[in-house]
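The values are calculated or read from the model by the stated rules, or taken from the named source; none is laboratory data. Since the structure is predicted, the reported quantities are computational estimates derived from the model, not experimental observations. Note that each Cβ is placed from the backbone with ideal geometry, even for glycine, and that neighbours are counted across all protein chains shown.
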Amino acid sequence: MVRQAEVRDGENGYAPAPARPRWFLPAGWVLTLIGLALSVYLTVAHYQEGALVCTTTSTVDCHSVTTSKYSELAGIPLPLLGLAFFAGFAVLITPAALRSAHPVLRWGRLASVCVGLLFVVYLVTAELAILHKLCLWCTGVHAVTVLLFVLVLSDEFRRIGSVD
Amino acid sequence: MSKAARERTARERLAEERRRQAARAKQRRLLTVVLGAVAVVALIVVVTVIVLDQRGQRDQTATPYRGPQAPLTRQSDGSIVMAKPGVNAPVLEVFEDFQCPACKAFEENTGKTVKQLAAEGRAKVVYRPFHLFGEQRDPIRSNSLRSAAAALCVPAPQWLSYHDALFQFQPREGSEGFATEDLVAWGKDVGVTDPNFEKCVTDQQKKPQVDAMTTYALQTRGVSGTPTVFLDGRKLENELQDPAALQKAVADAKGSQ
């Protein structure tokens with residue numbers, strides 16, 4: 001069996017991936033789909049200002065955040081970047097991509113969630129330190145991104161810690 | 001078990017232990033590299049965002065206008081009237097869009113004269129800001145709308161200061177600007193203390209009135225570009241960039257009444 005695995009992966013010359021916990025795939029997909037849904041909503045709300053539903057208090061105010069200059073980066077609306085991120089990540093966690101031990105996919109997953117986490121840091125800084133307002137929908141996207149980071153890092157941690 | 005077999009088993013156990021240790025070292029390295037790199041870059045991001053914000057704020061602080069002016073009142077249609085008590089004519093109406101570069105040029109050349117005419121009781125000035133650029137692409141369209149809606153949230157006493165600040169900080173045509181937080185901040189800079197002001201600007205509460213003022217300008221009054229200035233209903237042309245000609249036109253209008 002070991003030999004078969006070596007032969008199969010020998011085409012690429014990479015070690016086979018040890019089995020993941022069963023909850024990894026559903027957890028990854030649930031988070032990614034939530035992220036996608038929130039990004040689609042925020043993208044629509046970016047172009048149709050009336051579409052954004054949010055309670056408004058002294059600290060929670062979606063409109064202040066989504067119409068601020070921090071709602072775009074180099075002219076690209078951030079919800080659109082979020083959409084691209086979750087769509088790309090969905091490709092990286094398809095069963096085929098997860099079965100593959102190709103380093104581009106493994107490190108692609110890790111690199112993408114690291115970039116995602118840095119965007120969260122950037123946006124939360126803008127919300128808390130500059131705008132002094134929080135957008136609840138955006139916070140949902142941030143939470144999903146942080147959880148994906150934890151998920152992918154723990155997966156990679158488990159993988160390189162496996163002796164077999 | 002033979003001695004050779006026992007030695008082989010011991011060697012295998014040792015090798016196994018070494019593999020485990022190597023794997024644990026790799027795990028530690030992974031956490032150190034990933035978490036360390038993310039933490040360092042995150043720190044750089046936080047500092048950069050805050051520094052850029054503070055630098056941006058220093059560049060754009062609105063100052064209250066303290067030059068010549070007449071009492072200001074906000075009309076029910078959203079327009080602002082600036083006139084000394086009892087002065088009802090001639091009426092100088094100024095149709096402007098805060099994103100319009102020609103309006104900025106008009107304000108720089110002739111804006112002071114307009115205020116002077118009102119301050120001296122020689123004219124009743126009516127400011128009619130509207131959203132001329134509704135058909136333009138973003139960000140021109142959205143800059144124009146945000147600024148027009150924000151200006152309607154400003155109480156009459158601070159109108160001139162805010163109006164001047166909008167032209168002073170007018171974004172270059174085609175670039176992002178008039179950010180909501182700036183529109184709020186400039187209001188506070190020039191002394192707006194109304195607790196509802198921020199929400200009014202942020203939620204664009206005055207958008208319906210902007211729409212009504214835009215319909216009035218474009219359809220009722222036939223304004224097709226900005227700035228458009230009417231003197232007692234007559235559209236001025238060359239006087240817009242010539243303060244002396246504007247003063248003469250106002251004097252002539254007053255003389256004929």
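Within region B:178-204, the set of residues being in a loop (DSSP other than H, G, I, E, B), within 10 Å of chain A (Cβ to nearest Cβ) and in contact (Cβ under 8 Å) with a residue 40 or more places away in the chain comprises B:178, B:204.
Only residues that are surrounded by 18 or more Cβ atoms within 10 Å (Cβ to Cβ) and within 19 Å of the chain's Cα centre (by Cα) were counted in region B:111-135, giving 7. Of all residues in region B:92-103, those that are surrounded by 21 or more Cβ atoms within 10 Å (Cβ to Cβ) and in a helix (DSSP H, G or I) total 1.
Tallying residues that are buried (at least 19 other Cβ atoms within 10 Å of the Cβ) and either without any contact (Cβ under 8 Å) to a residue 60 or more places away in the chain or in contact with a Leu (Cβ under 7 Å, 6 or more places away or on another chain) (or both) within region A:127-136 yields 1. Picking from residues in region A:142-164 that are in contact (Cβ under 8 Å) with a residue 60 or more places away in the chain and more than 17 Å from residue A:33 (Cβ to Cβ), the one that is nearest to the other protein chains (Cβ to nearest Cβ) is A:162.
Please determine, by comparing only the residues of region A:63-86 that are small (Gly, Ala, Ser) and surrounded by 14 or more Cβ atoms within 10 Å (Cβ to Cβ), which one is nearest to residue A:52 (Cα to Cα). That would be A:64. Within region A:60-68, is even one residue more than 14 Å from chain B (Cβ to nearest Cβ) and either in contact with a strand residue (DSSP E or B) (Cβ under 9 Å, 6 or more places away or on another chain) or closer than 11 Å to residue A:134 by Cα (or both)? So far as region A:60-68 goes, no, none of its residues is more than 14 Å from chain B (Cβ to nearest Cβ) and either in contact with a strand residue (DSSP E or B) (Cβ under 9 Å, 6 or more places away or on another chain) or closer than 11 Å to residue A:134 by Cα (or both). Selection within region A:41-58: residues that are in contact with a Phe, Trp or Tyr (Cβ under 9 Å, 6 or more places away or on another chain) and assigned to a helix (DSSP H, G or I). The member of this set that is surrounded by the fewest Cβ atoms within 10 Å (Cβ to Cβ) is A:51. Pairing residues of region A:38-58 that are more than 12 Å from residue A:136 (Cβ to Cβ) with residues that are assigned to a loop (DSSP other than H, G, I, E, B) and modelled with pLDDT of 85 or more, at Cβ distances under 8 Å and at least 6 apart in sequence or on separate chains, gives A:49/B:204.
Condition (residue is of a type in the set (S, T, N, Q), assigned by TED's automatic domain parsing to the domain that holds residue B:180, in contact with a Leu (Cβ under 6 Å, 6 or more places away or on another chain) and surrounded by 17 or more Cβ atoms within 10 Å (Cβ to Cβ)) applied to region B:136-148: is it met by at least one residue? Checked region B:136-148: at least one residue is of a type in the set (S, T, N, Q), assigned by TED's automatic domain parsing to the domain that holds residue B:180, in contact with a Leu (Cβ under 6 Å, 6 or more places away or on another chain) and surrounded by 17 or more Cβ atoms within 10 Å (Cβ to Cβ). Checking B:110, B:48 one by one, the residue that is part of a helix (DSSP H, G or I), away from chain A (no Cβ under 14 Å) and of a type in the set (Ser, Thr, Tyr) is B:110 and no other. On the stretch given as region B:20-30, residues that are within 7 Å of chain A (Cβ to nearest Cβ) and either in contact (Cβ under 8 Å) with a residue 60 or more places away in the chain or under 16 Å from residue A:110 (Cα atoms) (or both) total 3. Quick one: is residue A:124 modelled with pLDDT of 90 or more, under 13 Å from the mean Cα position of the chain (by Cα) and either within 14 Å of another protein chain (Cβ to nearest Cβ) or in a loop (DSSP other than H, G, I, E, B) (or both)? For residue A:124, the condition - modelled with pLDDT of 90 or more, under 13 Å from the mean Cα position of the chain (by Cα) and either within 14 Å of another protein chain (Cβ to nearest Cβ) or in a loop (DSSP other than H, G, I, E, B) (or both) - is not met. Can you confirm whether region B:66-81 contains a residue that is closer than 26 Å to residue B:193 by Cα, more than 23 Å from the chain's Cα centre (by Cα) and either crowded, with 21+ Cβ neighbours inside 10 Å or hydrophobic (A, V, I, L, M, F, W, C) (or both)? Yes - at least one qualifying residue is present in region B:66-81.
Quick grid of which residues meet (1) touching a residue at least 60 places away in the same chain (Cβ under 8 Å); (2) under 10 Å from the mean Cα position of the chain (by Cα):
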site: A:69; (1), (2): no, no
site: A:72; (1), (2): no, no
site: A:88; (1), (2): no, yes
site: A:91; (1), (2): no, no
site: A:99; (1), (2): yes, no
site: A:114; (1), (2): no, yes
site: A:118; (1), (2): no, no
site: A:140; (1), (2): yes, no
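Looking at residue B:210, is it surrounded by 15 or more Cβ atoms within 10 Å (Cβ to Cβ), aliphatic (A, V, I, L, M) and not in a helix (DSSP H, G or I)? No: the conditions fail for residue B:210.
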